[in-house]
Amino acid sequence: MMELTKAGTSDALVINGISKRAFDSDITVGATSKAGPPGYMSVSFHIKMAKANHLYKLSVDGLIVGGAILFADGSKLNIGRIFVDPEYFRKGYGIFIMHEIERIFPETKEIFLDTPLWNIRTNAFYQKLGYIEYKKDDEFVYYMKKVKN
């Protein structure tokens, strides 16, 4: 059984390891070095996100295999990041996370996110899910999606 649920502080260490492995794997899709977004490999950052109710975990049969950091603000939602352990890539878990985000935030009308310009994997993924580019700068592509609830 797959489920996306709020993560607690006790999940932070496991989620941190998954985040580090996931973002470090971007070296294979255009990153110039093993790196990630701010706090991607910081247990204290993940604890802080859990305490603020922004950290979510993807569990498959009780095993945490991915996560998300989400910021809800009324009818708008910002996806700070989603990530799946590279061991579980290409199994539909990222798509599941994105669909669950829409389901568990029924009041959301617009979802926003950004991803690095160089990341061919994530840019293709978000476009495949119906996200529309609304802005681009030297580093990031900014996407949004209007949700029909």
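The values are calculated or read from the model by the stated rules, or taken from the named source; none is laboratory data. The structure displayed is predicted, hence computed values, not measured ones. Ideal geometry is used to build each Cβ from the backbone, glycine not excepted, and the neighbour counts take in all protein chains shown. These accessible areas exclude ligands, DNA and RNA; they are computed on the full protein's heavy atoms, side chains included. Shrake-Rupley method; radii C 1.70, N 1.55, O 1.52, S 1.80 Å.
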Probe 1.4 Å - accessible area at Ser59, Å² to nearest ten: 10
The percentage of the accessible area of the chain (probe 1.4 Å, all protein chains present) made up of carbon and sulfur atoms, to the nearest whole number, is 56
Order Tyr134, Tyr56, most accessible first, counting only protein heavy atoms with a 1.4 angstrom probe. Tyr134, Tyr56
Quick one: check the C-alpha center-to-center distance for region 66-96 versus region 103-149, whole angstrom. 11
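Taking R0 as 22 Å, what's the FRET efficiency between Asp61 and Arg21 from their Cβ-Cβ distance, rounded to 0.05? Could the numbers behind the result be given before it?
Numbers: r = 19 Å, r/R0 = 0.88.
It comes to 0.70.
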For region 40-90, what log10 I(q)/I(0) values come out of the Debye formula at q = 0.13, 0.18 1/Å, with one point per alpha carbon and no solvent? -0.34, -0.64
Probe 1.4 Å, all protein chains in place: accessible area of Glu102 in Å², nearest 10? 40
Listed residues Thr32, Val141, Tyr93: farthest to the positive end of the dipole of region 17-149 (Cβ charges): Tyr93
Rounded if a/c under 1.5, otherwise prolate or oblate - region 52-142, Cα gyration tensor axes: oblate
Under a point-charge model restricted to the Cβ atoms of Lys and Arg (+1) and Asp and Glu (-1), what is the dipole moment magnitude of the chain relative to its Cα centre, in debye to the nearest 20? 160
Identify, among Ile69, Leu55, Met1, the residue whose Cα sits farthest towards the positive end of the charge dipole of the chain, taking +1 on the Cβ of Lys and Arg and -1 on the Cβ of Asp and Glu, with the dipole about the Cα centre. Met1
Give me Rg/Rg_expected for region 1-50, where Rg uses Cα atoms only and Rg_expected = 2.2 N^0.38 Å with N residues. 1.24
When ligands, DNA and RNA are left out and all protein chains stay put, how many square angstrom of accessible area per residue does the chain have with a 1.4 Å probe? 54
Where the convex hull is taken over the Cα atoms of region 1-110, what is its projected area averaged over directions, in nm²? 6.8
